[in-house]
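Student: Here's a structure for you.
The values are calculated or read from the model by the stated rules, or taken from the named source; none is laboratory data. For clarity, every value in this text was computed on a predicted model and none was experimentally measured. Neighbour counts run over all protein chains shown; Cβ positions are idealised from the backbone, glycine included. Please note that ligands, DNA and RNA were not included when accessible areas were found on the heavy atoms of the full protein model with its side chains. Shrake-Rupley method; radii C 1.70, N 1.55, O 1.52, S 1.80 Å.
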Amino acid sequence: MDSNSPISASVISYRNDPNDDTIYYMVQVKNKTSDVWQLEKRFSQFEDLAKKLKVLFGEQLPTLPKKKYITFLVGKTPEDIEKRKVGLDEFIQNLASRPEVVASEPLKQFLEIEKNAKEIIVNPPKQIFEFKGFLHGIRDFTISSEQGLMFVITSDCSVINRLDAYLTNMKAPWESEKGDQALIPVGCVECWLQQESGEFQRLWVKMYNSQAITCYWDPVASVLLVGLDSGSINYLYVPEKEGFKKFTESMEIEQHTDRVMGLYYDNKRKYLHSISKDRKYRVLNLRKGELVAEIEPDQYELTCLLGSEERKKTFVGDRHGEIFIYDIEKKRPKLVIKIPTNQLFIRGFFIDNQRNYLFSISHENGVILIIDIQLPGREQYSKEVASLNGKSKSREIGWSSKRGEIYVGNIDGTVTIWDARKSQQLYVLKAHDSDITKLQWLDADQTLLTAAKDKVIKVWSMPQHWRDPKIVEKELEQDQQQAKQQNVEQFYKKAQKQFEQNFQDDDEDDMAVWHKDQKRHSDTKYEDIVELK
């Protein structure tokens, strides 16, 4: 039994039911408290289990034995059945050894865990609220808990709809300008404010002729930045003294020639930092309206940007898997270190300034990297300290320092929850029906917000304990006792083996002396003593 999993399972036998000519495979399940139960399952039930698990775990599953084509002329031979039994045994053993799979609803039902060992069931996250009614699929959002404020970036996810809108919105040379509002909106930003009742109310919406991709909110300066697919950035001033009911300034900045992928605002200098698919990292002085820096870190598209006011650093990732750390204390960003990760398409960043860790997620293969970025001012000594293999096509990453958990949003609508201390998956949550585009952990409320292209933002409450601590402690004691017993048995086996080896060596030495021709002393001569037979 895997020490991290609460159960083990195996296929121990099979039987052929003559009444319906069906093979039933006997699955035996055992938990750490020595409870054992057995279940009979058909091959089709294993297939159904695999399909349900694939929704949650994608390709991170063992394979079922191949189904041989059977006709009324060619039946199943005993060799075929035995081979399938071995394959099913490997399949179910692999699943039972993974705690995150054991915690899933499909395997819980398949093994009848709730009926036979209710104490090992994992407490799932609970959805406590959801925001609906958005015009398009959600691309990004940011929430300020202290201000009770939320900005949501949405875009039309249909290529056909976007093409139709672009053609409709296009102005011919002889047409007059009709303002900056979209005729057929392709993207928009929405402002929501929490009321005294606790509910959020939408205050205003601003629409765009281009897809809205990303946003950045500076609560101190009351500045909202919206990055567009066209490469432009919309600067909005949303004053708190007006109750956030409107934006009083709006300025469109033609910063890039391709999609804006990341934004950061330095409110002390009034510098706007941005990256784009055009491979440029640009810094604009908004006070003077001049470009401070234009940097091309490498030959690849830039994919994510994270700014740290505490460290006076920016972190930039690209499609090739490189991470660049820049010092932004002076006018022009200065490269501190370039970190090659050997992972393609860095999709998201998160910093834990208490532990000095930078978390990143690779979109291509779902690898989570944990990088020790050292104390502020020592980032040049940054190094990778751990990596976790997750799902491919991951889009977002979040982190709870208090719980020591990593949250990864995936393209299939699931959120993979990791225990960073144990480097293992805890739970896979089916949160949405489409690509997860953004998630945010609220430490004060111990809640996780997830957003997707399905036009919904959901709020999830994480369990205080994934499993009953008393049961986990009891299992740990049993593991330790079992390990101790195994160590004792290994010690005695080793001692017995050594004793037998020594005894054999002594016996061989004795025989060697016995068979050797001996001599005895007689006067001044030695005479051979013939060996006795």
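Student: Considering only region 193-212, state which residues are of a type outside the set (S, T, N, Q) and open to solvent by less than 20 Å² (accessible area, probe 1.4 Å).
Tutor: Within region 193-212, 206, 208, 212 meet the criteria.
Student: Now for a separate question. Of the residues in region 317-344, how many are under 19 Å from residue 365 (Cα atoms) and either modelled with pLDDT of 95 or more or not polar (S, T, N, Q) (or both)?
Tutor: 10
Student: If you check 114, 119, 79, 100, which single one turns out to be out of contact with any Cys (no Cβ under 8 Å at 6 or more places or on another chain), under 23 Å from residue 446 (Cα atoms), open to solvent by 10 Å² or more (accessible area, probe 1.4 Å) and assigned to a helix (DSSP H, G or I)?
Tutor: Within the list 114, 119, 79, 100, the selection yields 100.
Student: Just one of 154, 142 is of a type in the set (Ser, Thr, Tyr), buried (at least 22 other Cβ atoms within 10 Å of the Cβ) and touching a residue at least 24 places away in the same chain (Cβ under 8 Å); which is it?
Tutor: One residue alone meets the criteria, 154.
Student: In this structure, does residue 258 turn out to be within 31 Å of the chain's Cα centre (by Cα) and at pLDDT below 95?
Tutor: For residue 258, the condition - within 31 Å of the chain's Cα centre (by Cα) and at pLDDT below 95 - is not met.
Student: Restricting attention to region 89-104, report how many residues are within 22 Å of residue 403 (Cβ to Cβ) and not aliphatic (A, V, I, L, M).
Tutor: Looking only at that region, the number is 4.
Student: Right, here's the next one. Looking at the structure I just gave you, is residue 220 among the hydrophobic types (A, V, I, L, M, F, W, C), open to solvent by 60 Å² or more (accessible area, probe 1.4 Å) and either touching a residue at least 40 places away in the same chain (Cβ under 8 Å) or in contact with a strand residue (DSSP E or B) (Cβ under 9 Å, 6 or more places away or on another chain) (or both)?
Tutor: yes
Student: Now for a separate question. Looking only at residues that are assigned to a loop (DSSP other than H, G, I, E, B) and among the basic types (Lys, Arg) in region 1-48, which one is surrounded by the fewest Cβ atoms within 10 Å (Cβ to Cβ)?
Tutor: 42
Student: While we're on this one: Is there a residue being at pLDDT 95 or above, surrounded by 23 or more Cβ atoms within 10 Å (Cβ to Cβ), in contact with a Ser or Thr (Cβ under 9 Å, 6 or more places away or on another chain) and not in a strand (DSSP E or B) anywhere in region 365-374?
Tutor: Yes, region 365-374 contains at least one residue that is at pLDDT 95 or above, surrounded by 23 or more Cβ atoms within 10 Å (Cβ to Cβ), in contact with a Ser or Thr (Cβ under 9 Å, 6 or more places away or on another chain) and not in a strand (DSSP E or B).
Student: Turning to a different aspect of this structure: I'm checking my understanding of the structure. Among residues of region 49-58 that are open to solvent by less than 70 Å² (accessible area, probe 1.4 Å) and not small (Gly, Ala, Ser), which one is farthest from residue 409 (Cα to Cα)?
Tutor: Per the stated criteria, the residue is 49.
Student: Need a quick list: strands (runs of 3 or more DSSP E) entirely within region 428-533 having at least 1 residues that are surrounded by 11 or more Cβ atoms within 10 Å (Cβ to Cβ) and at pLDDT 75 or above.
Tutor: Qualifying strands (runs of 3 or more DSSP E): 436-442, 447-452, 457-461.
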